[in-house]
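As structure tokens, the structure follows; a few thoughts come after it.
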Amino acid sequence: MKLSHLITGSLLLGSLLVTAQAHNHKMKADIVDTAVAAGNFSTLVTAVQAAELVDTLKSKGPFTVFAPNDAAFAKIPAADLNALVADKAALTKVLTYHVVAGKVMAADVVKLTSAKTVQGQDLAIEVKDGKVYVNGAQVIATDIETSNGVIHVLDSVVMPKS
């Protein structure tokens, strides 16, 4: 067999393997695994673990998560964030305030003025200048589909009323 045929065959096999891997990645992960894989939700994932909400967010759902990214959590003074993470009840209240039951895609979010959270209070939804805001936090990425819902990324952490 000629070397060129061997190289061509190897390239073809490599291409098939890459295609197969890409196809496997189309199978959606759950909300938690999607957040971990994204790489910019490490603070949120740590908080979800501290509040013992991992199993809930890995369950069937569906859920819509308005997920603050790491930059959003960085806006909170470190002492305040550490105190929040240390207070499981308060942390659970804040985290569940970012979750809405059901799968609400961006096209539907923009038609709403509020959404009832799993925590029990409503989030205020507003569209200004073509941008969507949830309790004043801007939605900076939308429709990250998961096997058990959808993630919309916020630029700030939203806090429930006391």
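The values are calculated or read from the model by the stated rules, or taken from the named source; none is laboratory data. Quick caveat, the model's predicted, so the values are computed rather than measured. So basically every Cβ, Gly included, is an ideal-geometry build from the backbone, and we count neighbours across all protein chains shown.
Points to keep in mind about this one:
- Number of residues in segment 107-129 that are surrounded by 15 or more Cβ atoms within 10 Å (Cβ to Cβ) and assigned to a helix (DSSP H, G or I): the value is 1.
- Positions within segment 130-148 being polar (S, T, N, Q), under 22 Å from K161 (Cβ atoms) and in a strand (DSSP E or B), in sequence order: Q138
- All positions within segment 87-102 that are farther than 16 Å from V158 by Cβ, touching a residue at least 12 places away in the same chain (Cβ under 8 Å) and not in a loop (DSSP other than H, G, I, E, B): K88, A101
- Annotation note: Cβ proximity below 6 Å between a residue of segment 148-162 that is more than 17 Å from L81 (Cα to Cα) and crowded, with 19+ Cβ neighbours inside 10 Å and a residue that is at pLDDT 95 or above and polar (S, T, N, Q) (sequence gap 6+ or interchain) occurs for G149/T64; V150/T64; H152/T142; V153/N69.
- Some residue of segment 98-109 being of a type outside the set (D, E, K, R), in contact with a helix residue (DSSP H, G or I) (Cβ under 6 Å, 6 or more places away or on another chain), within 26 Å of E52 (Cα to Cα) and at pLDDT 95 or above: no
- Answer residue from segment 130-144, given it is loosely packed, with under 14 Cβ neighbours inside 10 Å and either modelled with pLDDT of 95 or more or of a type in the set (K, R) (or both) and is nearest to P62 (Cα to Cα) among those: D143
- Members of segment 70-94 that are within 23 Å of K131 (Cα to Cα) and buried (at least 18 other Cβ atoms within 10 Å of the Cβ): A72, F73
- Yes/no for M27 being part of a loop (DSSP other than H, G, I, E, B), modelled with pLDDT under 50 and not acidic (D, E): no
- Every listed requirement among (1) part of a strand (DSSP E or B); (2) farther than 22 Å from A29 by Cβ; (3) not aromatic (F, W, Y) is met by S156 save one, (1).
- Near pairs, Cβ below 7 angstrom, 6+ apart or cross-chain, from segment 43-57 (acidic (D, E) and buried (at least 21 other Cβ atoms within 10 Å of the Cβ)) to any residue that is part of a helix (DSSP H, G or I) and at pLDDT below 95: none
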